[in-house]
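Heads up: the structure comes next, in structure tokens.
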Amino acid sequence: MKILKLPKEKLDLFASVVQQFGELHAPVEQDGKYVFKRLMRWSDARLEYDRTILPPKKYFLPPRETLFRYRPGEGFVPHTEGLDQRIILFGVHACDVYAINILDRVFAGKYPDPYYQARRKHIAIIGIDCSPDKHCFCRSMRADFVDHGFDLFFYDTGDYYQALVGTALGDDMVLATGSLFEPVDGTDIDDYKRRSWNKRRAFQLEVEIRDLPEIFEMEYQSEIWEELGEKCLSCGSCSMVCPTCYCYDVADHVELGSRAGRRARSWDSCLFASHALVASGENFRGPRASRIKFRFYHKQRGFVAEYGRPSCVGCGRCISACPVGIDVVQVIDRLRRVQDVASR
Amino acid sequence: MSKPTVGIFGLTGCAGDQLVILNCEDRLLDIVALIDIRDFLMASSENDEGCPLDIALVEGAVLSRRDADKLRAIRQRSKILVALGTCAVWGGVAAMDRGKDRARLLEEVYGEIGLTYDSSPAQALHEVVKVDLGIAGCPIEKEHFIAAVAALLNGDTPLYPEYPVCTECRMRENNCLLIERGELCCGPITAGGCEARCPELRVPCVGCRGPAGDTNVPSFVAMLEQKGFDRQQLAARLRTFAPEGVAQ
């Protein structure tokens, strides 16, 4: 991996040069919150942000998307509009890059998803390091650092951004800027280590994920699931804002006066009563408690069995987006707590 | 194949849903090319008031014997009856205080003569006759009406979102009025399908589309009480559009 540094005052110059590689999108402020948006001017970018309302997932798996159009007797035509649009996501946090790497495994695995893959190929990612706030627990989820999945990744070390070059495209971006980037020296290495150390100490939240799937297995009958079921509003907010929730619903939208139409997908949530409802009327997860339980089990246990790690990256979005304050860290802490049953 | 015969009717309501149909201006010609609208008083002075109908679309709630008789007659001549709008589907605004003493209300509004009026507590259509399909909304969404016509013509029923307004509000990446501003937003318990039109404009959801498919009202109310809203205020807001079974 190539490591270079960019003087901070040259960042805007870099941003203007890099636009030749695609349309620039970055976090911008929206009433005190942040959203990834197309930049109208570089000064709108907010690189010191906590988290965006929606994760970058929306670029690779849009909330709603037409898959193909169909017409009886003619078959179907895939909807490919916009799939090859070149975009640069500037300022993606490590946890969100990690989440995209997780989505890669899902959408490039057993059932490759051409829509996702096309977008992933055409959207560049320039990551940026961040400081944890009260909802961040990415370090516990091993997602506070990424070594792949980005084209460039910037670390703020005071007067410079140190840049990890992740791909050939990232390298092209560096080369296109001429001599903006400089080699790192011993002082820079110390600056990086200092930053790494400081970040590590800044976390206010911590969870232990070692043996967590086993504890989930043991606590399958825990009363906590009923309690959460009574609290959960099934509003789906946690799934919408989750960088690794990838469930979608597929429906045909028939045209007026014909049997032709379009097939589209939209984000779904396992918290919805309709999620596990099948054609016979059977619902495999009817009660709300079984639905929220499923969400936790899939993230923290099922995904580990399938992919070797939890699908949660500790971004804290579900904690800040839940209207009734359901908090994944508190749930895990409670599951881990010794009940002291013997002394009862 | 002959075009299906259709009737569009209004009981007690604001006629807003029928207006939405008339407002499908760029699609109206397509629609009338596919269906034979025989009875639609709001749009035509010449109607066939007795013919059998393949599809009847009925807006408004039942608020009188006259409404109930009219609805039963429509049901009798129709193969498929569609409840159009939140009043028809849930009772709507008129059903807000239907537990109250009707005679007292009539007297309060109209004076003594009110007692002679044909007036009954508001009922949703399904409380009076069998309803085959409901399209909620105050008013309904144009696209939902067109989707219903398109699906019914194919012998199918349209699918509408059962998830709440929050889902679409999050998809649109709006700031949360409930969490960030502590406003009384009914998004979590109200049926989606409106693309969170109001919260998108920073206006809290009043619940005009009626309850979502799966609502957790006790938890919703407890959360709002914690924010400092009193129970009565909440009950009034919740009862504006939702039937008492859902919002007690």
Averaged over peptide B:31-42, how many Cβ atoms belonging to another chain are found within 10 Å of each residue's Cβ? 1
Could you work out the mean count of beta carbons from other protein chains within 10 Å of each residue's beta carbon in A:238-244? 2
Shape call for chain A from the C-alpha gyration tensor, a ≥ b ≥ c root eigenvalues: rounded (a/c under 1.5), prolate (a/b greater than b/c) or oblate? oblate
Exposure proxy check on A:28, A:313: fewest-to-most Cβ neighbours within 10 Å is A:28, A:313
Fewest Cβ neighbours within 10 Å first, please rank A:326, B:35 accordingly. B:35, A:326
Cross-link candidates for residue A:5: which aspartates and glutamates have Cα within less than 16 Å, leaving aside residues fewer than 8 places away along the same chain? A:129, A:151, A:156, A:159, A:171, A:172, A:182, A:185, A:188, A:190, A:191
Within the set A:8/A:121; B:3/B:79; A:33/A:57; A:8/A:33; A:293/B:227, which residue pairs have Cα atoms separated by over 21 Å? A:8/A:121; A:8/A:33; A:293/B:227
Per residue of B:210-216, what is the mean number of Cβ atoms on other protein chains within 10 angstrom of that residue's Cβ? 5
Relative to chain B, whose Cα atoms define the longest principal axis, helix B:217-226 and its Cα axis are tilted in degrees, nearest 10, by 40 degrees
Sort A:111, A:246, B:110 so that the residue with the fewest other Cβ atoms within 10 Å of its own Cβ comes first and the one with the most comes last. A:111, B:110, A:246
For segment A:169-201 and segment A:35-85, what is the separation of their Cα centres, given in Å? 30 Å
State the antiparallel share, in %, of DSSP beta bridges confined to chain A, rounding to the nearest 5. 75 percent
Relative contact order in percent for chain B (Cα pairs under 8 Å, 6+ apart) equals 17 percent
In a shell of Cβ-Cβ distance under 14 Å around residue A:186, excluding residue A:186 itself, what net charge do Lys and Arg (+1) and Asp and Glu (-1) give? -2
222 nm [θ] for the protein assembly as shown, helices only, -39500 (n - 2.57) per DSSP H run of 4+, per residue, to 500? -9500 deg cm²/dmol
State the Kirkwood hydrodynamic radius of segment B:1-95 in Å, one decimal place, computed from all pairs of distinct Cα atoms. 13.6 Å
Most fluctuating of B:127, B:46, B:59 in the GNM of chain B (C-alpha, under 10 Å) is B:46
How many angstrom lie between the C-alpha centres of segment B:139-207 and segment A:286-344? 28 Å
Rounded to one decimal in nm, the spacing of the 7 Å Cα→Cβ label points at residue A:208 and residue A:278 is 3.9 nm
Two-site label geometry, residue A:200 and residue A:169: point separation in nm, points 7 Å out along Cα→Cβ: 3.2 nm
In segment A:43-162, how does Rg compare with the Kirkwood Rh, expressed as the Rg/Rh ratio over alpha carbon atoms? 1.06
Taking a cut-off of 17 Å between Cα atoms, list the lysines near residue A:2, but don't count ones fewer than 8 places away on the same chain. A:193
Unit charges on C-beta of K, R, D, E only; dipole of segment B:5-153, Debye: 480 debye
Under 5 Å from the placed amide H of residue A:248, counting only residues 5+ away or on other chains, we find A:268
Ordering of B:129-142, B:12-25 by burial proxy (mean other Cβ atoms within 10 Å per residue, highest first): B:129-142, B:12-25
Quick one: 3J(HN,Hα) in Hz for segment A:19-34, Karplus 6.51/-1.76/1.60 with θ = phi - 60°, rounded, Gly and Pro as x. 4, 5, 8, x, 6, 7, 10, 7, x, 10, 7, 9, 6, x, 10, 10
Treat each spin label as a single point 7 Å out from the Cα along the C-beta direction, and report the residue A:2 to residue A:64 distance in nm. 4.3 nm
Quick one: which residues, 5+ away or cross-chain, put their amide H under 5 Å from the amide H of residue B:59? H built at 1.01 Å from N. B:9, B:10, B:11, B:84
Per its Cα gyration tensor (rounded if a/c is under 1.5, else prolate when a/b beats b/c, else oblate), chain B is best filed as oblate
Derived scalar couplings ³J(HN,Hα) [segment A:36-44; Karplus, 6.51 cos²θ - 1.76 cosθ + 1.60; whole Hz; x for Gly, Pro]: 6, 8, 5, 7, 8, 8, 4, 5, 6
Using Cα-Cα distances under 8 Å and only pairs 6 or more residues apart, what relative contact order does segment B:123-248 have, in percent? 21 percent
Can you tell me the 0 to 90 degree angle between the C-alpha axis of helix B:231-241 and the longest principal axis of chain B, rounded to 10? 20 degrees
Which of the peptides A:31-44, B:147-160 is most tightly packed, and how do the rest follow, judged by the mean count of other Cβ atoms within 10 Å per residue? B:147-160, A:31-44
Which residue, B:169, B:201, B:179, has the largest displacement toward the positive end of the dipole of segment B:165-241 when charges sit on each Cβ (Lys, Arg +1; Asp, Glu -1)? B:201
Long-range amide H contacts for residue A:92: which residues qualify at under 5 Å (H placed 1.01 Å from N, peptide plane, sequence gap of 5 or more or a different chain)? A:126, A:127, A:128
First check a/c for the protein assembly as shown, with a ≥ b ≥ c the square roots of the eigenvalues of its C-alpha gyration tensor; if it is under 1.5, answer rounded, and if not, answer prolate when a/b is larger than b/c or oblate otherwise. prolate
Per-residue ³J(HN,Hα) for segment B:107-121, Karplus 6.51 cos²θ - 1.76 cosθ + 1.60, θ = phi - 60°, Hz, x for Gly and Pro: 5, 4, 7, 10, x, 4, 5, x, 5, 8, 6, 7, 8, 9, x
So how do A:224-232, A:7-15, B:50-58 stack up, highest first, on mean other-Cβ count within 10 Å? B:50-58, A:224-232, A:7-15
Based on the Cα gyration tensor of segment A:73-231, what are the three equivalent ellipsoid semi-axes, each the root of five times an eigenvalue, rounded to whole Å and given largest first? 33, 30, 12
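Throughout, read-outs are computed from the coordinates displayed, never taken from laboratory work. Please read these numbers as outputs of a predicted model, since none were measured by experiment. Note that we place each Cβ from the backbone using ideal geometry, even for glycine, and neighbour counts take in every protein chain shown.
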